[in-house]
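No lab work stands behind these numbers, since they all come straight from the coordinates. These figures come from a predicted structure and were not determined experimentally. All Cβ positions, even for glycine, are placed from backbone atoms using ideal geometry, and neighbour counts span all protein chains on display.
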Amino acid sequence: MEQNLSEILLVEDSPGDARLTTFALQSAEVANPIVHMKDGDEALDYIFATGAYSQRNKENTPVIILLDLKMPKVNGIEVLKKIKSEAITKNIPVIIFTSSQLTSEVRKCYSLGANSFVVKPYDFNKFEQIIKEISTYWLIINHFPQ
Amino acid sequence: MALQEKISEGIEFERIQTDLANLFEGYRREKENLAETQKAVLNILDDFVVEKSKLENYQKALLNILDDYDSEKEVLQGSQKALLNILDDYQDEKNKVEKTNEELLLSNKELESFSYSISHDLRTPIRAINSFTTIIQRKYLEKFDDEGKELINFVINESVRMGQLIDDLLSFARLGRKELHKSFTDMTALAKEAVNKVLSLEEVKYKAKISVKRMPPSFCDDSLMLQVFINLISNALKFSERKTRPLIEIGCSIQHNSTFYYVKDNGVGFDMKFYDKLFGVFQRLHDIEDFKGTGIGLAIVQRIIIRHGGRVKAEGKINEGASFYFSLPE
């Protein structure tokens, strides 16, 4: 196994959902460090090493991004658009992880290049199961371009 | 002189006589001329009388025509007025329809943001309640006594139920907006597909014997009609499971010249006294302890059938089963 594992970036405004996602990732025994950004604005600063994160090396891109849609300031759609339009970030798998089940949003996210669209269940057992499957697929099964 | 005078007087007399005769002759000629002229004038007058009466007739005819024209004109003016009124009314109606359309668009938009708010903002706290309680139950179970454990279970079960209610409400609201994509649909194949779907999705292993009869095709939105069959079949399975030999029959019958598709079971049935509540949103006619469910299934069935322009009905008797019928416009 690699020494320095890439980060999982969690973009989530709800403290409850952030805690649950972290909890579920840990109980799925995911070893990658988890970075949590509380809205789209903060997330873009982190990803592109601007603003408060201008000291960060932006070559260290996250291994996957779990992205909520409805967030204050900059929403998930705008974050997705930016990530998928920049050469340095467009290959990062973006998993939309949201409470919304609107077909219009699913369509929009896919047209912008989202890699997956997952609706958060309200039942924690299912929530954990989903997180486990997401991490297994994207961190172990899937191959990335070098 | 006297003779001379007399002779010349005689000559004069003769001359006068001749003059007079000439005068008379002239006069007679004039008279003849006059008589002729008079005749001609009389003839002309005669002709004129004929022409006049002709003219009078023409005039009469013309007046009649004008009279007719007047009444026609009145009729025409009446029709024109009526037409103008209709056009006015039409414009009024058009304005009303346009206004209603605008209002509808607005309320649709509101409904959309309303369901977005439900799906997102309400699900988040429910997930938190369910999940954190589940984590507490897992990690700290030994710290609770029996009552504490029981109460924790209540919180978890009720939060799952609330999540289901929200999901059901959302899918019900979405139905109202969804466009119908109608096509000729093989109802027999659709019913069989629904049976397979229900049996593979339900967590319980049902023992019911299900028979699907041949049914005529219909012109409908097949994905929505599949939902109708799924809801009716899953109800039939649920409410007949406690019978020793649960039977479910799917088919169709002709009633009052309309084709009614049906799903019948020999299960617990229902009291026709509560028929009015049967198709209501979140209405349940059975104890939640006995039969699970939020009470949205039949409301969805009714909504889909009504959106197709058809109708639903049901028959039931306690402990003798229930039959649900629906018709579709042909």
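Distance cut-off 23 Å, Cα to Cα: go down the list B:K209/B:K292; A:K84/A:K108; A:K108/B:K109; B:K52/B:K73 and report the pairs above it. Correct reply: B:K52/B:K73. Neighbour counts of C-beta atoms inside 10 Å place B:L278, B:L106 in the sequence B:L106, B:L278, starting with the fewest.
Note on chain B: along the principal axes its Cα atoms extend 198, 45, 35 Å, ordered by decreasing extent.
The GluC sites (Glu not before Pro) of the stretch A:86-146 that meet both conditions, a loop assignment by DSSP and at most 16 other Cβ atoms within 10 Å of the site Cβ, are A:E86. The HN-Hα couplings worked out from phi for the stretch B:282-287 by the Karplus form 6.51 cos²θ - 1.76 cosθ + 1.60 (θ = phi - 60°) are 6, 8, 10, 9, 10, 5 Hz, whole numbers, x standing for Gly and Pro. From the Kirkwood radius over Cα pairs of the stretch B:157-239, Stokes-Einstein at 37 °C and 0.692 mPa s returns a whole-number translational diffusion coefficient of 227 µm²/s. Considering only A:P121, A:G40, A:G16, and ranking their Cα positions along the charge dipole of the stretch A:8-141 that arises from unit charges at the beta-carbon of Lys, Arg, Asp and Glu, the one farthest toward the positive end is A:G40. Taking the Cα centre of the stretch A:4-69 as reference, the dipole from Cβ charges on Lys and Arg (+1) and Asp and Glu (-1) amounts to some 200 debye. Of the residues A:V63, B:S223, B:V50, the one whose Cα sits farthest towards the positive end of the charge dipole of the protein assembly as shown is A:V63 (charges of +1 on Lys and Arg Cβ, -1 on Asp and Glu Cβ, taken about the Cα centre). Computed about its Cα centre, the charge dipole of the stretch A:8-141 is approximately 320 debye, with only Lys, Arg, Asp and Glu carrying charge at their Cβ.
May I ask for the longest run of chain A untouched by trypsin sites (Lys or Arg not before Pro) that are loop-located per DSSP and have at most 15 neighbouring C-beta atoms (other than their own) within 10 Å? Between the exposed loop sites, the longest stretch runs A:91-146.
Debye sum, Cα scatterers, the protein assembly as shown, no solvent: what log₁₀ I/I(0) at q = 0.06, 0.07 1/Å? Calculated log10 I(q)/I(0) at the listed q: -0.50, -0.62. Placing +1 on the Cβ of each Lys and Arg and -1 on the Cβ of each Asp and Glu in the stretch A:8-141, which of A:S135, A:A52, A:L80 has its Cα farthest towards the positive end of the resulting dipole? The Cα lying farthest towards the positive end belongs to A:L80. Reducing the stretch B:67-138 and the stretch B:264-330 to their Cα centroids gives an inter-centroid distance of 29 Å. When you work out D = kT/(6 pi eta Rh) for the stretch A:22-94 at 10 °C and 1.306 mPa s, using the Kirkwood radius from C-alpha pairs as Rh and the Stokes-Einstein form, the result is 123 µm²/s.
Each 10 Å bin from 0 upward holds the following percent of the Cα-Cα pairs of the stretch A:8-141: 12, 47, 36, 5. Among A:L112, A:L44, A:L80, the largest mean-square fluctuation in a Gaussian network model of chain A, built with springs joining Cα atoms closer than 10 Å, belongs to A:L112.
Shielding of peptide B:129-140 by partners, expressed as the average count of other chain Cβ atoms within 10 Å per residue Cβ, is 4. Computed about its Cα centre, the charge dipole of the stretch B:62-130 is approximately 820 debye, with only Lys, Arg, Asp and Glu carrying charge at their Cβ.
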